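A short write-up of the structure that comes next.
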Amino acid sequence: MQSPDFGIDPQEYMRRFVSWEIAQKANNWAGRNNVRWANAEYDRLWKQAATELDPVKRAALFIRMNDLVIEDVVSIPVVWRNWVYVVSHSLRGMQLSPWDLALGDLAYWYRET
């Protein structure tokens, strides 16, 4: 299953862990919370983040929500990209990212002479 592009705001991504999104017979198993985890503190923090306008306070809410998910072993992070790349100083157009392959934008590379 390919996940949709949620952009850089974590609100929709973190919605997959709220209790009202638990996949169950009543919603034809269509809820986003397919791990069926429920946590009242997480739900409260998610609702608070949905209306928080201060970006620093909002970030702190998401950090706490993430901590709850990890502490309760709801999600186990498995991505570890410990790769090393070497690039020439004359190579241009290369945008390295920890979330993409090194050759992902190969069509845009060029050598400055």
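The values are calculated or read from the model by the stated rules, or taken from the named source; none is laboratory data. None of these values were measured; they are calculated from a predicted model. Here the Cβ positions follow ideal geometry from the backbone for every residue, glycine too, while neighbour counts run over all protein chains shown. We work out accessible area using only protein heavy atoms, side chains counted, and drop any ligands, DNA or RNA first. Shrake-Rupley method; radii C 1.70, N 1.55, O 1.52, S 1.80 Å.
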Between Tyr110 and Val78, what is the label-to-label distance in nm when each label sits 7 Å out along the Cα-to-Cβ direction?
-> 4.1 nm
Treat every Asp and Glu Cβ in the chain as -1 and every Lys and Arg Cβ as +1, leave all other atoms uncharged, and give the resulting dipole magnitude about the Cα centre to the nearest 20 debye.
-> 180 debye
Residue-normalised accessible area of region 8-96, expressed per residue, 1.4 Å probe, Å² = 72 Å²
Which label marks the calculated value of mean projected area of the Cα convex hull in nm², given the options (i) 10.4; (ii) 7.2; (iii) 8.2?
-> (i)
Per DSSP H run of at least 4 residues, take -39500 (n - 2.57); add these up for the chain, divide by its residues and hand me the 222 nm value, nearest 500 deg cm²/dmol.
-> -9000 deg cm²/dmol
Report in % the part of the accessible area of the chain that belongs to carbon and sulfur, leaving out ligands and nucleic acids; probe 1.4 Å.
-> 56 percent
Once you have a ≥ b ≥ c as the square roots of the Cα gyration tensor eigenvalues for region 16-82, tell me rounded if a/c is under 1.5, and otherwise prolate or oblate according to whether a/b is larger than b/c.
-> oblate
Going through region 44-91, which trypsin sites (Lys or Arg not before Pro) have at most 14 other Cβ atoms within 10 Å and a DSSP loop state?
-> Arg81
For Asp72, Asp54, give the ranking by accessible area with the largest first, probe 1.4 Å.
-> Asp72, Asp54
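If Ile22, Ile76 are ordered by their accessible area, calculated over protein heavy atoms with a 1.4 Å probe, which sequence runs from highest to lowest? Intermediate results must be reported in sequence, preceding the final value.
On the way: Ile22 25, Ile76 115 Å².
The ranking, largest first, comes out as Ile76, Ile22.
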